[in-house]
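My structure is below; once you've seen it, I'll send some questions.
Just so it is clear, none of the values below were taken in a lab; they were calculated from the coordinates. Nothing here was measured: the structure is a model prediction, and the numbers come from that model. Methodologically, a virtual Cβ is constructed for each residue, glycine included, from the backbone with ideal geometry; neighbour enumeration extends over all protein chains shown.
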Amino acid sequence: MRSLLWKWADRLIGLSAIVGTIGLLVGVVVVLVDVVGREFHMPLTGAQDISQMAMVTMVFGGMAIADRLSAHIAVDVFEGVFPPVINRVTQIIAPIVGAVVFLILARAMWEAAALSRMLNLATNIIFLPKAWFQYMAVVMSVITALAMILRAVDAILGCPRSEYEADTKR
């Protein structure tokens, strides 16, 4: 059951990473075209708007994969000093706290997106609807929260990620 859950979670995380990668590529291309265009006195109209929305896509799209790969910043100064039971508790509590934070963020973004739709909010220059990007952030936040919950369950059951990945060589 757990391997099936992780299989689907990995697919969602992969989708999230692809969306973040597309945001990164769009951001890079927009900045490149804008900088080259400025050299020829033809800056890209709406570059700031597109860059801002690409940044939202990059950040939220990359959160789930960063957590899955343990690529986030972690401070392990006290890990060697604490007894193993405290370290185990922190391995359980940390993803739960992270999941709660991302679920709160998803709810806040959902409400902001509803407000953006109601007020028809858009970016300043080329009028990209903000609600689309806010809903995307909601979906990516929920994916990240679900992955963190699965990681917490694995920690509770005593099957850390490294053991899990060794058992299910993809």
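Let's see if you can work this out: charge +1 on each Lys and Arg Cβ, -1 on each Asp and Glu Cβ, no other charges. What is the dipole magnitude of the chain about its Cα centre, in debye to the nearest 20?
That gives the chain a dipole magnitude of about 400 debye.
A further question follows. Once the Cα atoms of the chain are picked out, what are the Rg and Dmax in Å?
19.5, 63
Continuing with this model, one more query. Projected area of the range 9-95, taken from the Cα convex hull and averaged over every viewing direction, in nm²?
The Cα convex hull of the range 9-95, projected and averaged over all directions, gives 7.8 nm².
Dividing the convex hull volume of the Cα atoms of the range 84-150 by its residue count, what figure in Å³ per residue is obtained?
Per-residue hull volume (Cα only) is 75 Å³.
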